[in-house]
Amino acid sequence: MEISLAAIMSIVALLIVVIISCINEDLNVGFLSVGFAILVGGIWADVSGAKIMAAFPIGLFMILVGVTFMFGMAQTNGTMEKLTAYSVRLCKGNTAIVPLIIYVLTTFITTIGPGNIAGCALMAPVAMAIAARVGMPAFLMTLIVVGAANGAAFSPFAPTGIISNGIIAKMAPQLGLTDLNSLAWKIHFNSELAQGLVNIGGFFVLGGWAWINKQRGTSVNIDELAPKPEPFNRNQIITLTSVAILILLVVLPGLPAFNGLFSKAVLNLLANVGTVAFILSSVMMLLGAGDSKAAVKVMPWGVIMMVCGVSVLIDVMDQSGGLNFLVKVIGAISSPVTVNGWLGLITGVISAYSSSSGVVMPMFLPMVPGLINEIGGGSPIAMITSINVGSHLVDTAPLSTMGALCIACAGDHEDKAKLFRNLLIWGLSMAVVSGIVCLLFFGVLGL
């Protein structure tokens, strides 16, 4: 395989970025990626710095900012925390159904918009306190919380889903994809299925089933387990209403039953989840329902810049031929079926040490059109899902933000060194498991 010097240097730059992201979390590789892209483009690819900077994915950036700002206000005004508290009380002291309540609640909270990391941050303190109270091992509760959060991470309303859908939209013409709204929900469903099977299966096999059998017929005082919070105040009711409107205004225009119901002007306003979020955020601010300064501070600026910066470097790789070379390498060992297993395995290995949504997804998703051409077929939906699932199935490991959150919130009676070790073994093993799951589900079965 012939490769130009510009392509080689773009690959070297990407490898440096990936290695740095694995060993030093204090350096934001998004900024490094833009710097490397300008150097590689200017010196070896004969592309001006101005043209490279114009490749910054401003549309994706604005969608992420709009959604995370709106849910930043929902988080800082106490709405999400209070919603969590009320939902946990649904178990009414029946300890045997606590895992189900926690899983469904984490899935719901993540799906409606905050995303997997924010959802886990909201749920981990509550879930781990409950685990300590009812005698559930923290390891099992971590599988429930992180598995549910990652399963719902690709909701079209959540940051990770927005990142995935933004990259997909850019390459949709090459793949012949038209109904991106239905595709987004399909990928979300596939993620829920894969994450649910692995994490719920792990929960039952590694002690969860025995714990549930032991708890049957046992109950605790619900007010001790989850004290009843104060009723939702005016600002929180406005916030909940805004979240409901966000979901409706994004979902309804894409349904066949609503074709022609919305005018062109309205559809312009509802172009994507970001535009709706900006409008609703403005209403919330004008009504005094949220603290905009506090919301800006809790927004995941680091991840947003990582995604956008790495995307700029990938664009230079594409122009210089580096991306095509990597596609040929993966294509040389793959078929239309087995490529899903390889993508799940490779993304899982890298994601165990690097940022799943900030580095791995922007790196691998743009390869899908080239891989289909290289191996002579394959399902773009299956490949996209394999990359997304593979890059997130390992995030139960304590090296990830979510795994670390659960360890930090575990009860004082837990041996945290042992918990760290068990989660590390589980998380790293998920790289291999993700390869097998992606091969079976999205390759052989073609889900």
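The values are calculated or read from the model by the stated rules, or taken from the named source; none is laboratory data. Keep in mind that what you see is a predicted model, and the values were worked out from it rather than measured. Positions of Cβ are backbone-derived with ideal geometry, glycine not excepted, and every protein chain shown enters the neighbour counts.
Here are the numbers for the structure shown:
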item	result
Residue within the range 23-32 that is closer than 16 Å to VAL360 by Cα, in contact (Cβ under 8 Å) with a residue 60 or more places away in the chain and not in a helix (DSSP H, G or I) present	yes
Members of the range 261-298 that are among the small types (Gly, Ala, Ser), touching a residue at least 40 places away in the same chain (Cβ under 8 Å) and surrounded by fewer than 16 Cβ atoms within 10 Å (Cβ to Cβ)	GLY288, SER292, ALA294
Counted residues, the range 225-240 - those being in contact with a helix residue (DSSP H, G or I) (Cβ under 7 Å, 6 or more places away or on another chain) and within 21 Å of GLY113 (Cβ to Cβ)	6
Residue match in the range 253-262 (condition: within 16 Å of PRO156 (Cα to Cα), part of a helix (DSSP H, G or I) and in contact with a Phe, Trp or Tyr (Cβ under 7 Å, 6 or more places away or on another chain))	yes
Leading residue by the ranking (farthest from PHE442 (Cα to Cα)) among those in the range 322-340 that are within 24 Å of the chain's Cα centre (by Cα) and buried (at least 24 other Cβ atoms within 10 Å of the Cβ)	VAL339
Criterion: farther than 30 Å from LEU5 by Cβ and β-branched (Val, Ile, Thr) - qualifying residue of VAL47, VAL34, VAL98, VAL29	VAL98
Wholly enclosed helices (runs of 4 or more DSSP H) of the range 283-378 bearing at least 1 residues touching a strand residue (DSSP E or B) at 6+ places or on another chain (Cβ under 8 Å)	none
Test for VAL307: is it touching a Pro at 6+ places or on another chain (Cβ under 7 Å) and over 24 Å from SER21 (Cβ atoms)	no
Out of VAL126, VAL98, VAL104, sole residue that is in contact with a Ser or Thr (Cβ under 7 Å, 6 or more places away or on another chain) and over 22 Å from SER379 (Cβ atoms)	VAL126
Checking GLY93 against (1) within 28 Å of GLY435 (Cα to Cα); (2) in contact with an Asp or Glu (Cβ under 9 Å, 6 or more places away or on another chain), the condition it does not meet	(1)
Failed item in (1) in contact (Cβ under 8 Å) with a residue 40 or more places away in the chain; (2) in a helix (DSSP H, G or I); (3) surrounded by 20 or more Cβ atoms within 10 Å (Cβ to Cβ), with MET123 passing the rest	(1)
Subset of the range 411-433 that is in contact with a Phe, Trp or Tyr (Cβ under 9 Å, 6 or more places away or on another chain) and surrounded by 20 or more Cβ atoms within 10 Å (Cβ to Cβ) - its residue that is farthest from LEU365 (Cα to Cα)	LEU423
Hits in the range 46-67 (condition: part of a helix (DSSP H, G or I), surrounded by 13 or more Cβ atoms within 10 Å (Cβ to Cβ) and within 23 Å of the chain's Cα centre (by Cα))	GLY59, LEU60, PHE61, MET62, ILE63, LEU64, VAL65, GLY66, VAL67
Single residue of the range 379-395 satisfying the filter (in a helix (DSSP H, G or I) and either free of Cβ contacts under 8 Å to residues at least 60 places away in the same chain or among the polar types (S, T, N, Q) (or both)) that is farthest from LEU424 (Cα to Cα)	MET383
In the range 353-366, the residues that are out of contact with any Asp or Glu (no Cβ under 8 Å at 6 or more places or on another chain) and surrounded by 23 or more Cβ atoms within 10 Å (Cβ to Cβ)	SER354, SER355, SER357, GLY358, VAL359, VAL360, MET361, PRO362, MET363, PHE364, LEU365
Within the range 213-260, tally of residues that are buried (at least 16 other Cβ atoms within 10 Å of the Cβ), closer than 20 Å to SER182 by Cα and either hydrophobic (A, V, I, L, M, F, W, C) or modelled with pLDDT of 90 or more (or both)	4
Residue that is modelled with pLDDT under 90 and within 21 Å of SER10 (Cβ to Cβ), where the choices are LEU32, LEU27	LEU27
Odd one out for ALA404, checked against (1) under 17 Å from CYS120 (Cβ atoms); (2) surrounded by fewer than 21 Cβ atoms within 10 Å (Cβ to Cβ); (3) among the aliphatic types (A, V, I, L, M); (4) in contact (Cβ under 8 Å) with a residue 24 or more places away in the chain	(4)
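Results for (1) over 18 Å from ALA271 (Cβ atoms); (2) of a type in the set (D, E, K, R); (3) surrounded by fewer than 23 Cβ atoms within 10 Å (Cβ to Cβ), shown as yes or no for each residue.
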{"residue": "VAL134", "(1), (2), (3)": "yes, no, yes"}
{"residue": "LEU143", "(1), (2), (3)": "yes, no, no"}
{"residue": "ALA148", "(1), (2), (3)": "yes, no, no"}
{"residue": "ILE162", "(1), (2), (3)": "no, no, no"}
